[in-house]
Amino acid sequence: MIKLRTYIFIDSLQPQLAAYMGTVSQGFLPIPGNACMWIEVSPGMAIHRLTDIALKSTQVRLGQQIVERAYGSMVIHHRSQSDVTEAGRAVLSHLGQPEEARMKCRIAWNEVIRAITPDHAVLINRQDRKGSMILAGQSMFILETEPAGYIVYAANEAEKAANVTLMEARAVGAFGRLVMAGREADVNTAAHAAVSAIERLTGDDNW
């Protein structure tokens, strides 16, 4: 049986998140304002059939597809929200599952580190990342979720809420990771928005 791990609709990609996704995209690049959907299933190979169904159902574009043995995920996007939601409905229809069958997101880590020191900032910026840098004195918000795909939704809602810098939004693997930086007040606002958005999501918590 195919398990729906992540199923999340994003109404309007924010500029930083769209740019970040473009740095890792293997397909058609998303642009700010596009509607987007992230779908992750288990086992991983099932994502090929679901991608085929989504692309044939509407005019959505495939931004990314990751196929691992355990998990498979795809990102579709389009300027039309209705195209994206209809493609998602086609996938759910094929699975014979409602949206609520998705796994309920669990927050694995949630922390704000305030007034980063210069040494710490330098080492963070030297790590392998696709986003922006953190400056000494700024605060840093870290969020990890399980399943991983929900981290893009958290990142988008955080960027909507506050003037923060996106450093990382890793949504592949067992856990997703979001790292943002900025002034303490802005980081606090972004963290609250991200956590609140995740906690509002429905899903199956028996996993």
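Quick notes
- In segment 178-197, of all residues being surrounded by fewer than 20 Cβ atoms within 10 Å (Cβ to Cβ) and in contact (Cβ under 8 Å) with a residue 60 or more places away in the chain, the one that is nearest to residue 41 (Cα to Cα) corresponds to 195.
- Residues (of a type in the set (A, V, I, L, M) and either closer than 22 Å to residue 40 by Cβ or in a helix (DSSP H, G or I) (or both)) located in segment 146-177: 148, 151, 152, 154, 155, 158, 161, 166, 169, 171, 172, 174
- Positions within segment 30-44 being surrounded by 15 or more Cβ atoms within 10 Å (Cβ to Cβ) and either among the aromatic types (Phe, Trp, Tyr) or farther than 18 Å from residue 174 by Cα (or both), in sequence order: 30, 34, 35, 36, 37, 38
- Considering 174, 158, 162, the condition of being surrounded by 24 or more Cβ atoms within 10 Å (Cβ to Cβ) and of a type in the set (Gly, Ala, Ser) is satisfied by 158 alone.
- Positions within segment 114-128 being buried (at least 17 other Cβ atoms within 10 Å of the Cβ) and within 30 Å of residue 201 (Cα to Cα), in sequence order: none
Just so you know, all these numbers are worked out from the coordinates, no wet-lab data involved. All values reported here derive from a predicted model rather than from experimental measurement. Virtual Cβ from ideal backbone geometry, glycine too; neighbours counted across all protein chains shown.
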